[in-house]
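This report concerns only the one structure given below.
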Amino acid sequence: MTIDLYGIPNCDTVKKARTWLDEQGLAYTFHDYKKEGADPVKVERWIGEEGIDVVLNRRGTTWRKLDEGEKARASDAIGAAALMVEHPSMIKRPVVEHDGGLLVGFDAAKWQAALT
């Protein structure tokens, strides 16, 4: 199985997810948004599959620091994707692409069902 994990290495949830994958003996490729940025095509696909409300992290400090005009850009998929590409820390973490689909956020039970 191919597993691609997207996130930020110092994020506590990403750390938990990476530890979980290691404990399960699952190999994965880690994509660091801080170093590699976020791929607009992938972000648009994630939004198409899971929806803006799942992929966009509105609880983080990056979102809260935006002015209302910038926040309004997130009202449709294209605007939300562009905003997340500009500010990858607004993408809910982690995102996992695997042979069977997509996982957004870390939930051990869901990951267990999907990845093992």
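The values are calculated or read from the model by the stated rules, or taken from the named source; none is laboratory data. Just so we're clear, the structure is a prediction, and the values are computed from it rather than from any experiment. When we count neighbours, we look across all protein chains shown, and the Cβ atoms used for this are built from the backbone with ideal geometry, even at glycine. We work out accessible area using only protein heavy atoms, side chains counted, and drop any ligands, DNA or RNA first. Shrake-Rupley method; radii C 1.70, N 1.55, O 1.52, S 1.80 Å.
Accessible area of L26, 1.4 Å probe, to the nearest 10 Å²?
Its heavy atoms expose roughly 40 Å² to the probe.
What is the P(r) of the chain, as percent of Cα-Cα pairs per 10 Å bin from 0?
Spelled out per bin, shortest first, that is 14, 48, 30, 7, 0.
Exactly which trypsin sites (Lys or Arg not before Pro) in the stretch 1-68 are in a DSSP loop and have at most 12 other Cβ atoms within 10 Å?
Those satisfying the criteria are R59.
If you average the C-alpha positions of the stretch 1-30 and of the stretch 39-61 separately, how far apart do those two centres end up, in angstrom?
If you average the Cα positions of each part, the centres end up 18 Å apart.
Below 8 Å, C-alpha to C-alpha, sequence gap of six or more: please give me the relative contact order for the chain in percent.
35
Which distance in nm do the two modelled labels at T13 and K71 give, with both placed 7 Å along the Cα-to-Cβ direction?
1.9
Can you give the calculated 222 nm mean residue ellipticity of the chain, where each DSSP H run of n ≥ 4 adds -39,500 (n - 2.57) and the sum is split over every residue, rounded to the nearest 500 deg cm²/dmol?
Values: 8 runs with 60 residues, N = 116.
Mean residue ellipticity, 222 nm, calculated: -13500 deg cm²/dmol.
Nearest 5 percent is fine: what portion of the DSSP beta bridges confined to the chain is antiparallel?
Details: 9 of 13 bridges.
Rounded to the nearest five, the antiparallel share is 70 percent.
Provide the net charge surrounding T13, with neighbours chosen by a C-beta distance below 11 Å and charges set as Lys +1, Arg +1, Asp -1, Glu -1.
Spelling it out: positives minus negatives among the neighbours equals +3.
At a probe radius of 1.4 Å, what is the per-residue accessible area of L5, in Å² to the nearest 10?
Spelled out: L5, probe radius 1.4 Å, area about 0 Å².
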